[in-house]
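The values are calculated or read from the model by the stated rules, or taken from the named source; none is laboratory data. No experiment lies behind these values; they were computed from the predicted model shown. Every residue, glycine as well, gets a Cβ built from its backbone with ideal geometry; the counts of neighbours run over all protein chains shown.
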Amino acid sequence: MKDESKPILLAHGGGGRLTAELVDRMILPKFRNDTLSKLTDAAQLELESTSVSFTTDSFVVQPLEFPGGDIGKLAVCGTVNDLVVSGTRPVALSLGLIIEEGFDQNRLDTILASAAEAARQANVSIVAGDTKVVEKGAADGLFINTSGIGVRMKGANVGFDRIKPGDGILINGTLGDHGMTIMSLRKGIQFDSPIQSDCAVLSDLIGRLVDRLGEQIHFMRDPTRGGLAATLNEIVTATGLDLLIEETALPIQPTVQAAADMLGFDLLNIANEGKVVAVVAPDAVDRAMKIFRDHSLGRQAACVGRVNPRTEGAPNGLVEMVTRIGGRRIVQMPYGRDLPRIC
Ligand code: MG
């Protein structure tokens, strides 16, 4: 059983005895590994490759807990996924906490436990960390920053420059689950069959994909803020090629669609936290689909469209969608990308 709730005090971030106690009691036991346990000023890593990727992300989601996860899980998933979609095997993460004075210690403990569980699933160590406490009102409960470092996966070769006309565009599952879960919570809307965030670490799924298909995977990105529409428009901007997707091929959960309709959102623009868009060589599409569907995070995978050559005379590439009724519409880069504080 947990202790009676105690608030985080300003002194917990002061670097003195209370900080040490918080680290020893709440943080180290969850993340324990040889590198972290040394508590040196900087973690020392031995990397097996000179091809290294490095990424960082801050998490300010509100509310902090939601169906399918919490800010701790999200912070680890977000950084791990940015590494793996770059064809990188995550090696180590840092975890920085900015806590508002008065935050419940048991609540912090639960959030850190879910960050630790996500790191365990991703087979990555948290080797560096920082804890700051700010006065009441100077933050909204808890903010987390995670940075991650990793080495190139064997056989991975992904980038905008590898995308070619004819390539298939795949996604490993349903659109908009994370964003609509957060928005429904904030608006106080409940559904008969509750929706939940897709927040998940993609290491295993993408590891298999790269392992089996290697260079036939041309590009990957996680469609987080701005959703699928942003990712596809980023491809078009970087390559100048046209993309054509099919509305009927988009995997969507009916309850999530209902939430989007009720709140006036287009699911193409809504954030995902356990999804990868993979651009795959034409003759590898069927195998990639099978790898996705054989995995628990890819049961509802779909090939949603293809890459086309640039239209003759057009100044820029375009993302177009064949609609349910057979028309065509342009899928634009979402304005302002998304709603605030979704991740
Ligand atoms: Mg990303």
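Against the criterion of being closer than 30 Å to Ala302 by Cβ and surrounded by 24 or more Cβ atoms within 10 Å (Cβ to Cβ), Gly179 qualifies. One residue stands out among those in the stretch 296-307 that are in contact (Cβ under 8 Å) with a residue 12 or more places away in the chain and farther than 17 Å from Ile217 by Cα: the one that is surrounded by the most Cβ atoms within 10 Å (Cβ to Cβ), which is Leu297. When Lys290 is tested against (1) in contact (Cβ under 8 Å) with a residue 40 or more places away in the chain; (2) assigned to a helix (DSSP H, G or I), only condition (1) is not met.
Just one of the listed residues (Thr174, Thr88, Thr110, Thr79) is out of contact with any helix residue (DSSP H, G or I) (no Cβ under 7 Å at 6 or more places or on another chain) and either within 30 Å of Asp242 (Cβ to Cβ) or at pLDDT below 95 (or both), namely Thr88. When the stretch 177-196 is limited to residues that are small (Gly, Ala, Ser) and away from the ligand (no atom under 16 Å from the Cβ), the one that is nearest to the chain's Cα centre (by Cα) turns out to be Ser184. Only residues that are away from the ligand (no atom under 16 Å from the Cβ), in contact (Cβ under 8 Å) with a residue 60 or more places away in the chain and touching a helix residue (DSSP H, G or I) at 6+ places or on another chain (Cβ under 8 Å) were counted across the stretch 218-265, and they come to 14. Here's a check for you: in the stretch 1-47, which residue that is out of contact with any strand residue (DSSP E or B) (no Cβ under 8 Å at 6 or more places or on another chain), closer than 22 Å to Ala138 by Cα and part of a loop (DSSP other than H, G, I, E, B) is modelled with the highest pLDDT? Only one residue tops the list, namely Gly16. Condition check for Asn81 on (1) polar (S, T, N, Q); (2) under 30 Å from Val280 (Cβ atoms); (3) away from the ligand (no atom under 16 Å from the Cβ); (4) in contact with an Asp or Glu (Cβ under 7 Å, 6 or more places away or on another chain): one failure, at (3).
When Ser53, Ser86 are checked against the criterion of being part of a strand (DSSP E or B), small (Gly, Ala, Ser) and either out of contact with any strand residue (DSSP E or B) (no Cβ under 7 Å at 6 or more places or on another chain) or surrounded by 15 or more Cβ atoms within 10 Å (Cβ to Cβ) (or both), Ser53 stands alone in meeting it.
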